[in-house]
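The structure under discussion appears below in the form of structure tokens.
The values are calculated or read from the model by the stated rules, or taken from the named source; none is laboratory data. Nothing here was measured: the structure is a model prediction, and the numbers come from that model. Ideal geometry is used to build each Cβ from the backbone, glycine not excepted, and the neighbour counts take in all protein chains shown.
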């Protein structure tokens, strides 16, 4: 059993919900990410989503776009992201790490390092799952199989507009968990409708038998608690980026940890 499945099984036994923070690798400082990841774990995070910077992120709102641009300007690419995961793994062999990003950096990495290099190197670095926003399920069965053979999960997005057919396609290939985008729009939008999420999840679970996390629009402990009542996991990214951005280098990890502790307490209430 992989780290993601093990984590969700353990949480289910304890009747707790997963807290999954997202941070763009290399933001807001090129060397802060492994330290920040450890602070997230210490604050009660169960899985970490690590964003791979990309210049044309179609699903990201302005806050995460800006974070990606800054990370790129600092020289952060896929190779640097994998190095950060390796550094994190030196002290943490338990917490799942999911890389979230786009097809272009993955395919460019393989062009530079050889066919299959991304899957090989991600697995060796200690990555547990990959979420590629622009890989639809009908076009990446081979990629999913390669990840599975290397002990990694392929995680998919579902949206309010997803049809039953698309849910069934995702359910056939996805592993680890499925990420439900709670609204029509980009990350960080402020119009989260918790009632609509509550209505959508039973429809998703008719097809998807692995855990369902919800993200996009979750910005504080209150919205996380509301979503946690119905979802298996709460994904929070834009607010984490905003907290990190506002700090000097020496305060980034501590302040993000303080914010996430509040979210963890709310989820556990």
Failed item, numbered, when residue 98 is tested on (1) in a loop (DSSP other than H, G, I, E, B); (2) out of contact with any helix residue (DSSP H, G or I) (no Cβ under 7 Å at 6 or more places or on another chain); (3) closer than 21 Å to residue 6 by Cα: (1)
Count of residues meeting criterion [touching a helix residue (DSSP H, G or I) at 6+ places or on another chain (Cβ under 8 Å), part of a loop (DSSP other than H, G, I, E, B) and farther than 21 Å from residue 97 by Cβ] in the stretch 230-259: 3
For the stretch 136-162, which residues satisfy the criterion of being modelled with pLDDT under 95 and in a loop (DSSP other than H, G, I, E, B)? 136, 140, 159, 160, 161, 162
Only residues that are out of contact with any helix residue (DSSP H, G or I) (no Cβ under 8 Å at 6 or more places or on another chain) and either outside any helix (DSSP H, G or I) or free of Cβ contacts under 8 Å to residues at least 60 places away in the same chain (or both): list them for the stretch 28-63, please. 31, 41, 49, 58, 59
Residues being assigned to a helix (DSSP H, G or I) and touching a helix residue (DSSP H, G or I) at 6+ places or on another chain (Cβ under 8 Å): count how many of those fall in the stretch 204-229. 9
